[in-house]
Every structure is written in structure tokens, then in C-alpha cells.
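See below for the structure under consideration.
Derivation of every value follows stated rules applied to the coordinates shown; laboratory data play no part. Keep in mind it's a predicted model, so treat the numbers as computed, not measured. Please note: Cβ atoms are built from the backbone with ideal geometry, for glycine as well, and neighbour counts cover all protein chains shown.
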Amino acid sequence: MKLTPLNITLACVLVWVISEMNLDTEMTFSWGWLITLCVILSLVDLGFRMIFKDLKKLWYAQMTFIVVVGILMVVIRVM
């Protein structure tokens, strides 16, 4: 398995959710949304791997995707 930005992002999200499980506060994600997020990130990663065969281009495409999604999330949250 090649290490890609979407795999790293998925691992960070899973570690964050696991660390929230021990707190007494309410979880940010429900289990359904967490599973949906994992499936979506895995499918997007698979799609990028099918489109970009060169690992360097794959990294650039996935990093761009993560930055664009992050910016959109902040813009939606502010509105």
C-alpha cells in the first residue's frame, strides 16, 4: 500500500475520533458519518490512483483536493 495524503488524512481522522471516545463530551461525528467519511475518502483515493499513475502527480492531486475541501469547509462553516 502506497502512502498518500488521503490515507494520512483518514488515519488522522480515525485517531482523532478514537481520542474523543474517552472524553465525557459528545462526539463530533456520529458512527454513521464516520463510516461514510471513511468510505468516501477511500473511494476518492482509489479514483485518484486510477487517474494518476505517477506517484508525484498523485501526491499533488490529493494534496490539492485536501486543501480545496478544507477551504470549502471553512467557507461553509462561516456562512
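Mean 1/r over all different Cα pairs, inverted: what Kirkwood radius does the stretch 14-74 give, in Å?
Working: mean 1/r = 0.0742 Å⁻¹.
The Cα-based Kirkwood calculation yields 13.5 Å.
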Which FRET efficiency value, to the nearest 0.05, is calculated for residue 59 and residue 14 with the Förster distance at 25 angstrom and r the Cβ-Cβ distance? 0.75
Report ³J(HN,Hα) in whole Hz for each residue of the stretch 45-50, in order, from the Karplus equation J = 6.51 cos²θ - 1.76 cosθ + 1.60 where θ = phi - 60°; Gly and Pro get x. 4, 4, x, 4, 5, 6
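Please report the net charge: other residues with Cβ closer than 13 Å to the Cβ of residue 51, K and R +1, D and E -1. Walk me through the intermediate numbers first.
On the way: positive: 49, 53, 57; negative: 45, 54.
After counting each charged neighbour, the total is +1.
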Between residue 72 and residue 24, 0.36 nm times their residue separation minus their Cα-Cα distance comes to what? 14.3 nm
